[in-house]
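Peer 1: A single structure is presented below for examination.
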Amino acid sequence: MNLTKEMAIVLHTAIELSNLKPLGKDGRKVCSAPSIISTTIPRLPRTRHSSRSSRSFSAAPPKVGALYGYALAQLVAKAYQKAGKVDKEKFITAMEGLTVDSPVGKLEMRACDHQLTLPMFFGVTKASPQYDYLIAGDLITIPGKDYMPGCDEVVKSRK
């Protein structure tokens, strides 16, 4: 239907490798994908260490699930260390407000709603001679604290 010639198409996870790679280099294997504006976590330069680590298990570059798993493992390990023993209530308390370093920066588990403050990335798909699939370009990063509802708003909405 050539919609991308008429308008920008906005998809939440279109610049994530799990979605771009199956579309191929021109993005047209499944749909007309070039010039999609998207929000997700892309492969960033500071993720190279994580990429090299994950490649020891697989030849494929890591996808966003690897980041989520990495962040979760760091949070769980740090919370159990902070709790001092295996105790559900102490673990929950230890997790609240906990921060960990990640390939995309510092992440916090908010105490008010137990939500992780992941950054959001906006970008536009484009071809690159280095890859056999489209990649994200013109990236803009929005910290989690800047797009998530504030804790005051969360507490108020629960009343």
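Peer 1: Answer yes if at least one residue in the range 79-101 is of a type outside the set (A, V, I, L, M, F, W, C) and closer than 29 Å to Pro22 by Cα, and no otherwise. Even if it seems obvious, please write down each step before you answer.
Peer 2: Within the range 79-101, the first condition is being of a type outside the set (A, V, I, L, M, F, W, C), and the residues that meet it are 80-82, 84-85, 87-90, 93, 96-97, 99, 101.
From what's left, closer than 29 Å to Pro22 by Cα: none.
Scanning the range 79-101, I find no residue that is of a type outside the set (A, V, I, L, M, F, W, C) and closer than 29 Å to Pro22 by Cα, so the answer is no.
Peer 1: I've got another one for you. Select from the range 77-104 the residues that are closer than 25 Å to Ile142 by Cα and without any contact (Cβ under 8 Å) to a residue 40 or more places away in the chain and list them in ascending order.
Peer 2: Met95, Glu96, Gly97, Leu98, Thr99, Val100, Asp101, Ser102
Peer 1: Among the residues in the range 113-134, are any touching a helix residue (DSSP H, G or I) at 6+ places or on another chain (Cβ under 6 Å), among the acidic types (Asp, Glu) and more than 18 Å from Asn19 (Cα to Cα)?
Peer 2: Yes: the range 113-134 contains one or more residues that are touching a helix residue (DSSP H, G or I) at 6+ places or on another chain (Cβ under 6 Å), among the acidic types (Asp, Glu) and more than 18 Å from Asn19 (Cα to Cα).
Peer 1: For Ala66, are the conditions met, namely being surrounded by 15 or more Cβ atoms within 10 Å (Cβ to Cβ), among the small types (Gly, Ala, Ser) and farther than 30 Å from Leu20 by Cβ?
Peer 2: no
Peer 1: Same structure again: Only strands (runs of 3 or more DSSP E) wholly contained in the range 103-144 count here; list those with 3 or more residues that are modelled with pLDDT under 85, of a type outside the set (S, T, N, Q) and in contact with a Gly (Cβ under 9 Å, 6 or more places away or on another chain).
Peer 2: Strands (runs of 3 or more DSSP E) meeting the threshold: 120-126, 135-142.
Peer 1: Still on this structure, I have one more. Asp146 is checked against (1) under 16 Å from Leu17 (Cα atoms); (2) among the charged types (D, E, K, R); (3) without any contact (Cβ under 8 Å) to a residue 12 or more places away in the chain and fails just one. What number does that condition carry?
Peer 2: Answer for Asp146: the failing condition is (1).
Peer 1: Among the residues that make up the range 87-97, is at least one of them assigned to a strand (DSSP E or B) and surrounded by 15 or more Cβ atoms within 10 Å (Cβ to Cβ)? Give the steps one after another, and end with the answer.
Peer 2: To start, the set of residues in the range 87-97 that are assigned to a strand (DSSP E or B) comprises none.
No, every residue in the range 87-97 fails to be assigned to a strand (DSSP E or B) and surrounded by 15 or more Cβ atoms within 10 Å (Cβ to Cβ).
The values are calculated or read from the model by the stated rules, or taken from the named source; none is laboratory data. Note that the coordinates shown come from a computational prediction; the quantities given were computed from them, not determined experimentally. As a convention, Cβ positions derive from the backbone with ideal geometry for all residues, glycine included, and neighbour counts pool all protein chains shown.
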